[in-house]
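Before any comments, here is the structure.
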Amino acid sequence: MAAYYFRTFPAKTDRMRHNKTNFLITTLLPLAIMCSLFSCGEKEEKIATNLAAANLIPQPVSITVDSSAFRLKGSAIIFVQGESEELLRIGQYFSDMLKSATGLNLPVKSTAEVPGKGNFYLVVLEERNVHGEEGYQLDIKEDLVTLYAGTPAGIFRGIQTIRQMLPINADKTDGPFILPTGTIQDKPTYSYRGAMLDVSRHFFQVEDIKRYIDFLAEYKMNAFHIHLSDDQGWRIEIKKWPNLTAHGGKTQVGGGKGGFYTQEQYADIVKYAQDRYITVVPEIDMPGHTNAALASYPELNCNGKAPELYTGTEVGFSTLCSSKEITYQFIDDVITELAALTPGPFIHIGGDESHATKKEDYLPFVNRVKGIVEKHGKTMIGWDETAQADLNNQSVVQLWANEDFAKMAVAKGAQLIMSPAKKAYMDMQYDSTTKLGLHWAAYIEVDSAYLWDPATYMPGVGKDNVLGIEAPLWSETVTNLDEIEYMVFPRLLGYAEIGWTPVEKRNWEAYKVRLGKQAGRLRADGIDYYESKLVPWEEGAVKN
Ligand code: IFG
C-alpha cells in the first residue's frame, strides 16, 4: 500500500511540494517503515523480481533484469495486435494455458493500439528478420507484458517462456501472480529440434500422442517424427492397401493387441501438432524393417509368400523385394496418400538395418524411393545408411550409429539431423538399474544426455552441416504413457536446450540447478520422471 501511495503522489506547486515533504516525513515514512516490518493488511508477498532467476528451459539467449514485478490479476486481458485469426487463436491458446495454470479466465481481444495497464499484448512485427522464424522479444513491465515476434510461431514460443514463470495448476485465489520485470530476447540455434516416437513396436493411442506433442511444445521443440511402420506393426491406414492395417496392424511386440491410426485420426494428430507450430515427420521404414507389410501382402515378397506377423524384437531380417515392380507401385501408393496427409516438408523413408537387402540392390532402391518422395514435393530424410545413395543439398540424413556415413552425407552436401544413439536415444537405460530400455549403445544418464554439442560432436561435421537435433524413443520396452514419461523426462529438457540455446550459454552445473527447479512443475503436471541422483531436485518436489 505504501509503495502504491508513493507512486501516485503528484507534486504540482511549491506549497504542495512543502506540504508533500512534511506529509512524507511525519506520516508516510513511519508508515512505510512499519509496513516493511509487519504486514500491512495486504498478504506478505515474496515477490520474485529477478527475471534471470526464472529457471527457464531452454535458457534464453539474453535476459535483462528490471527488478520489479508485473502482477497478473483476474482483470487482465490478452490483447492481440490486429485482426489476424491465427493470432487470436494463439491468444486463446494462451488464455486456456493461463486458465489451467492460474484459474484466471482472461478474455482475448484484438486491438489497434497499445493496451492499458495490467494486460498482455501479443504483437507480430512486420519485419520478421529481427527475431527470425521462431524468435521473440518478451518485455515485462510493471503495468504491461508485451510479446513481440516476427511470426505467429515466435509468439507461440514466447508464450512457453511465460508459462514457465507461472504455476502449473494454481487457483485464482492464489493470485496475484508475479512476473519479474525485464526483457528477454530469444531465438533458436537450430531450425530442427525434435523428438521421435516409435508407435510400431508398441502402439499408442491418439491422446498419448497429443500429450507427447504437448511435451515438445512446452520446451520449444518444433518437429515430431513418428515411426509409423516396422517389423512388428503397420500403423497408418493406406486406403489402396487396406491389409497393411487390417492385418499388419493387428499386433505388437509381445503379441498384444496392436492398433493403427485411420487417416482421419492421423490428420487430427497433424493438426494438433501444427497448432503448436510442430512439424510432423512421418516415417515409413524401408526396405528393411518391413515384416508387417510383407505379412500383409504375399506379392510384396520375392518368393510370393507372406511371412507370419512378428512380435519379437530382432532387427535386420526383413526386406521389400527390390527387384519387383509392384514394390515401387506399393511405395508410390503409400507415399501418395501419406504426402497428402503431411503439410510438412519431410517424409522419412528409414533405410536402416537393411541386412536382408543385397548391397547391390539397396542403393538403387533408396535412389528410386528418393525420386518418388521428391515427385510428391517432399524432402527425403533417411537414417545414416542412406548417405550411400545419390544425395544432394536438399537431402537430409539422420545420424544414429555410423559416423562415416554422416561424413559421407556431408561430403554430398546433405544436411544432418544429429541423433547419435549413445547420446540421444531415449530408449537407452539411464544406468544398469533402469527397469525399462536397452543399453546396446550406452547407458545415458541425465548429464551425459546434456553434455554434448551437435556442432562439435564428431570431426568433419560443423554447425553449418547440422539441420538440428532429434531424440528418438524406440518402444521395444516401452508400452504406455507412464513409461514414455519415465524415459523422456528429464532428458528431453536437455535435448530441447541443446537445440535452442547457444552452446556458449550452456553448462551442466548451471543447467542442473534449473532442471532441479522444474521438478515442481513436472510433478504438478503428473509427469512420472526419472529422479536422477545427479540433479538437485527442488525441495518438496522430491517424489516419495
Ligand atoms: N536400432 C534400430 C531401431 C531400434 C533401436 C533400438 C535405428 C535407426 C535400434 N534402428 O535405431 O529400429 O530397434 O534402440
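So what's the back-of-envelope 222 nm ellipticity for the chain, counting only DSSP H runs of four-plus at -39500 (n - 2.57) apiece and dividing by all residues, rounded to 500?
Result for the chain, helices only: -9500 deg cm²/dmol.
Largest first and in whole Å, what are the equivalent-ellipsoid semi-axes of the range 432-516 based on the Cα gyration tensor, each being the root of 5 times an eigenvalue?
On the way: eigenvalues 117, 53, 28 Å².
Working through the eigenvalues yields semi-axes of 24, 16, 12 Å.
Order the peptides 305-318, 388-401 from the highest to the lowest mean number of other Cβ atoms within 10 Å of their residues.
Descending packing order for the listed peptides: 388-401, 305-318.
Relative contact order (percent) for the chain, with alpha-carbon contacts under 8 angstrom and 6 or more residues of separation?
Reported as a whole number, the value is 12 percent.
Just need the relative contact order of the range 408-544 here, percent rounded to a whole number, with Cα pairs under 8 Å and 6+ apart.
It rounds to 24 percent for the range 408-544.
Over the Cα atoms of the range 192-242, what Rg and Dmax result, in angstrom?
Calculated on Cα positions, Rg and Dmax stand at 12.4, 38 Å.
Using the Kirkwood radius over C-alpha pairs as Rh, can you work out the diffusion coefficient of the range 123-238 via Stokes-Einstein at 25 °C, viscosity 0.890 mPa s, in µm² per second?
Rounded to a whole number, D works out at 148 µm²/s.
Rounded, prolate or oblate: which fits the chain when a ≥ b ≥ c are the square roots of the eigenvalues of the alpha-carbon gyration tensor, with rounded for a/c under 1.5 and prolate only if a/b beats b/c?
Here the chain falls in the prolate category.
Give 220/512; 305/359; 187/407 a once-over and call out the pairs whose C-alpha atoms are over 25 Å from each other.
187/407
Equivalent ellipsoid semi-axes for the range 279-367, as square roots of 5 times the alpha carbon gyration tensor eigenvalues: give them largest first, rounded to whole Å.
They are 21, 15, 14 Å, listed largest first.
Enumerate the aspartates and glutamates that residue 517 could reach by cross-link, defined here as Cα to Cα under 17 Å, with residues fewer than 8 away along the same chain left out.
Result set, ordered by chain and number: 218, 447, 497, 509, 525, 528, 531, 538, 539.
Which lysines have a Cα lying under 20 Å from the Cα of residue 378, excluding residues fewer than 8 positions away in the same chain?
Result set, ordered by chain and number: 271, 370, 412.
Ranked from highest to lowest mean number of other Cβ atoms within 10 Å per residue, what is the order of the peptides 483-494, 71-82?
Numbers: 483-494: 23.3, 71-82: 18.7.
Going by the mean number of other Cβ atoms within 10 Å, highest first, we get 483-494, 71-82.
Using just the alpha carbons, could you tell me how many Å³ per residue the convex hull of the range 374-460 encloses?
Residue-normalised Cα hull volume stands at 104 Å³.
Coordinate-derived values only; no laboratory data. Not measured: the values here are computed from a predicted model. For neighbour counting, all protein chains shown are included, and Cβ atoms are generated from backbone atoms with ideal geometry for every residue, glycine included.
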